Amino acid sequence: MLNKPWLAHYPKDIPTVLSYPDQPLPFFLTKAALNYGSKTAIQFLGKKLSYKEVYESACKLAVYLKKIGIKKGDRVAVMLPNTPQAVISFYGILYAGAAVVQFNPLYKEREIEYQLKDSGAKAMIALDLLYPRIQKVIRHTPVQHLIVTAISDYLPFPKNIIYPFIQKKQTGIIVHIENRSNNHSFVKIMEQPFLKEEFNSLTGSDDLAVLQYTGGTTGFPKGVILTHKNLVANAFMCSAWMHKFHPGEEAILGVVPFFHVYGMTTVMIFAVMQGYKMILLPKFDVKTTLKTIQKQKPTIFPGAPTIYIGLLNDPNLRKYNLSSINACLSGSAPLPVEVQQKFEKATGGSLVEGYGLTETSPVTHANFIWGKRKKGSVGVPWPDTDAVVLSLETGEPVENPGEKGEIAIKGPQVMKGYWNRPEETAQSFKDGWFLTGDIGYMDEEGFFYIVDRKKDLIIAGGFNVYPRDVEEVLYEHEAVQEAVVVGVPDPYRGETVKAFVVLKEESKLTEKELDDYCRSQLAAYKVPRIYEFRKELPKTAVGKILRRVLIDEEKRKE
């Protein structure tokens, strides 16, 4: 029987077992429109949309998608930043019985073409600025219809008039949408009269809801099959974890991209399920985010370490009132302890680290927001979620607390598998457990710690070096803003440790001073042998540092 010591630490207000309604995701938007129809669902750069307006808009889109031939089970691509259209598109596609395929707006032509072909998407909803890129490849894909929208479509007057001129000045792009029968205007679709129609019967809870592609840092991206049940379960778990908040009364800051599964679940799905106001920002900008927090007063702020770091390093941070923030769940990358402590001091709220993967919808673990937590830990498994540590040698559960191995997960949020990849799906499961590829351990109280990705382990001179151990030390130095550690080839040690470091503005820290500091904090074999100072580090749209990009750069130097 699985040992679950973490259950002893659950606060009395968090149930260890949850009950989930057997309903698809759009059911919750319908419910929110009934219960919170006049309340603000979306606050976007001065524009407000009520839950009734979002519901009716999503229904209009669903009707239109069916009209142009989208059927149950079809895939529809969405390539949008965090805007009202992103929320309307997500639920409109699901109302129509189709599945959402999320696209990062930063994708280049090659990436767009690959994902459209692999998913078999029949239609696409995209931002006008992305049209030139999409047009270069769309004829070579299964896409039959393209729906185009603009940021200015959902801006209040006079911003909607001014914004196109600002956009043209900033990007230099003048977009001319071809007048073709398979190109459609999002605005014109929304001008249709609302005709109430029942959509929920089109979709079952076990049907595909989202085809979410992994980052593809180790080859071609894989489409992760996430069902309505997967995503509903994870959002219910999120609600249980944030048990002190009240339905219909909270405001959640949506700066984490919705095209990333973390933002999609912990902001868009969770907020609709609870009737919260979503305060949307189309991209992360330090000053805009600080001003928005002060003015709009969000109570919940899901984010990533780089977002919190960016805010903390603004020289004018103390001028802003951030006290509305009660809870922050950090994901997508390890949260340095130093960052956690400073951000909690700046806001007065609780910032806890969580853990999960695209394949788990995404959250599986978190520290308690109001309860026991441990520094450096990703916390304990969420309700209905089981986790074990499997030996890297035998593949069996480890016997002792603190023993390192591969983390494996079971729970209702775990994906069905990879799209059209049965072999890789089979390799990702062992006896019903999903193999995360992450190395970690569980302590005697059931708190989990992630040491590193299995593939990121550095073996230097026969010693195992986990990059996170070194990165934690680097982040603790007062002059370091960001840091990432990788293994690079070494003729003597096999691999050696290299640190890429971004210093805080005006810092004059030298390589020798940083090396002396590391030697005072780390065992000799863990100390970086090479340091490289950079102005910035490569990141994903959600702010996760792309370690693999740096490793590939090093390989090209050989």
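Using only the Cα atoms, what convex hull volume per residue in Å³ does the range 26-203 have?
Taking the convex hull of the Cα positions in the range 26-203, it is 113 Å³ per residue.
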Between the alpha carbon centres of the range 1-72 and the range 242-260 the gap in Å comes to 11
Only helices counted: for the chain, with every DSSP H run of 4 or more residues adding -39500 (n - 2.57) and the sum spread over all residues, [θ] at 222 nm is -8500 deg cm²/dmol
extent check for the range 457-557: Cα max minus min per principal axis, descending, whole Å, gives 37, 33, 22
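So, by mean Cβ neighbours within 10 angstrom, what's the order for 301-307, 446-452, 35-41 with the highest one leading?
Descending mean neighbour count gives 301-307, 446-452, 35-41.
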Highest mean packing first, using Cβ neighbours within 10 angstrom, the peptides 290-299, 320-329, 424-433 sort as 320-329, 290-299, 424-433
In whole µm²/s, the translational diffusion coefficient that Stokes-Einstein assigns to the range 112-166, given a Kirkwood hydrodynamic radius over C-alpha pairs, 25 °C and 0.890 mPa s, equals 197
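Largest first and in whole Å, give the semi-axes of the range 453-492's equivalent ellipsoid, each being the square root of 5 times a Cα gyration tensor eigenvalue.
22, 11, 9
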Ordering 453-462, 142-151 by per-residue average of other C-beta atoms within 10 angstrom, highest first, gives 142-151, 453-462
If each part is reduced to its alpha-carbon centroid, the range 422-454 and the range 474-524 end up apart, in Å, by 28
Amide H neighbours of residue 481 at under 5 Å, excluding residues fewer than 5 places away on the same chain, with H built from the backbone geometry, are 502, 503, 504
Checked against a 21 Å limit on the C-alpha separation, the offending pairs among 374/535; 159/295; 404/498 are 374/535; 404/498
Residue 233 neighbourhood, Cβ < 14 Å, K/R = +1, D/E = -1, net charge -2
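Just the C-alpha atoms of the range 29-69: what Rg/Rh do they give, with Rh taken as the Kirkwood radius?
Reported Rg/Rh (Cα atoms, Kirkwood Rh): 1.08.
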Computed from every Cα-Cα pair in the chain, P(r) in 20 Å bins starting at 0 and rounded to whole percents is 21, 56, 23, 1
Residues other than residue 137 with Cβ under 12 Å of its Cβ, Lys/Arg counted +1 and Asp/Glu -1, net out at +3
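Taken together, the values in this text are just the output of simple stated rules run on the coordinates, not laboratory data. The model shown is predicted, which means the values in this text are computed figures rather than measured ones. Every residue, glycine as well, gets a Cβ built from its backbone with ideal geometry; the counts of neighbours run over all protein chains shown.
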